[in-house]
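In what follows, a structure is listed as structure tokens, so that the remarks can point back to it.
FYI, it's all coordinate maths here, none of it is from the lab. All figures in this text were calculated on a predicted structure; none of them were measured in a lab. Cβ placement follows ideal geometry from the backbone for every residue including glycine, while neighbour counts extend to all protein chains displayed.
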Amino acid sequence: MKTQEKGFYLPLGRSRYLLSYSLLAHMLAVISIFLINISSVVKILFISGIFINQFFHISRLGYLREYKKRPVTLINAMNEYWQIGYADSSKTSDLLLESAWVNRFAVIIHFKPFNKKRLSILILKDSVEQEQFRQLCVRLRLAFFQQ
């Protein structure tokens, strides 16, 4: 069994809600293309683009194959620094918490790396255990309360 580091360690699973939302959004895009008045060739071209986009999106979510840069862990070993672990066992460098949007269904966290542009992560409630999701929400609220 792998020993985990001190602090907060959150394993991230795949979200069925996000998959359902993605499929619904792409399906609605296909339906809207059928409803507009353009030539059949252009419709087929647009619909092909939507299906290709859906394929890549499902792949990045890790449902068709393991996407190496899919976030699989969120780590807060020290109070102010965070890291994101990826499926290929790599980790980001230390990240500073910039902002977060928290509600009972999802969390969006924006990080500020020291040398790059902003990095964001979406964590839906069904992709983590219920108790760990609650702990994440509390940890994020406390982080901004203490600032």
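Could you tell me the center-to-center distance, by alpha carbons, between region 86-146 and region 2-77 in angstrom?
19
Please state the relative contact order of region 85-147 as a whole percent: Cα pairs under 8 Å, 6+ residues apart? All intermediate terms of the calculation are to be shown ahead of the outcome.
Values: 65 pairs, mean separation 14.2, N = 63.
Normalised by residue count, the contact order of region 85-147 is 22 percent.
Which one of ASN53, ASN115, ASN37 has the biggest mean-square fluctuation once the chain is modelled by GNM with Cα springs under 10 Å?
Comparing ASN53, ASN115, ASN37 in the GNM, the peak value goes to ASN37.
Based on the Cβ-Cβ distance of VAL138 and LEU96, what FRET efficiency does E = 1/(1 + (r/R0)^6) give at R0 = 25 Å, to the nearest 0.05?
Efficiency at R0 = 25 Å is approximately 0.80.
Only helical DSSP H runs with n ≥ 4 go in: add -39500 (n - 2.57) per run for the chain, normalise by residue count and round the 222 nm mean residue ellipticity to 500 deg cm²/dmol. Show your work: numbers first, answer last.
Details: 3 runs with 57 residues, N = 147.
Helices in the chain give a 222 nm mean residue ellipticity of -13000 deg cm²/dmol.
By how many degrees, between 0 and 90 and to the nearest 10, does the Cα long axis of helix 130-145 differ from the longest principal axis of the chain?
70
Based on the Cβ-Cβ distance from ASP88 to PHE55, what FRET efficiency comes out when R0 is 22 Å, to the nearest 0.05?
After rounding, the FRET efficiency stands at 0.60.
Have a look at ALA106, ALA25, ALA87 and tell me which one the Gaussian network model of the chain (Cα, springs below 10 Å) gives the largest fluctuation.
ALA25
Shape call for region 88-147 from the C-alpha gyration tensor, a ≥ b ≥ c root eigenvalues: rounded (a/c under 1.5), prolate (a/b greater than b/c) or oblate? Could the numbers behind the result be given before it?
Numbers: a/c = 2.02, a/b = 1.31, b/c = 1.54.
Here region 88-147 falls in the oblate category.
Could you tell me which residue out of ASN79, GLY62, SER127 lies farthest along the dipole of region 25-147 toward its positive end? Charges go on the beta carbon: Lys and Arg +1, Asp and Glu -1, centred on the Cα centre.
GLY62
Can you tell me how region 16-60 classifies by the Cα gyration tensor, rounded, prolate or oblate, using a/c under 1.5 as the rounded cut?
Since a/c reaches 1.5 but b/c is at least a/b, the shape of region 16-60 is classed as oblate.
How much length, in nm to one decimal, is gained on full extension between GLU129 and LYS43, taken as 0.36 nm per residue of separation minus their Cα-Cα distance?
26.7 nm
Write out the GluC sites (Glu not before Pro) in region 93-147 meeting two conditions: DSSP loop, and at most 15 other Cβ atoms within 10 Å of their Cβ.
The qualifying sites are GLU129.
Net charge near ARG118: determine it from the other residues with C-beta under 14 Å of the C-beta of ARG118, scoring Lys and Arg +1 and Asp and Glu -1.
+2
Which residues make up the longest stretch of the chain clear of chymotrypsin sites (Phe, Trp or Tyr not before Pro) that lie in a DSSP loop with no more than 11 other Cβ atoms within 10 Å, not counting the sites?
For chymotrypsin sites (Phe, Trp or Tyr not before Pro) (loop position, at most 11 other Cβ atoms within 10 Å), the longest site-free span of the chain is 1-104.
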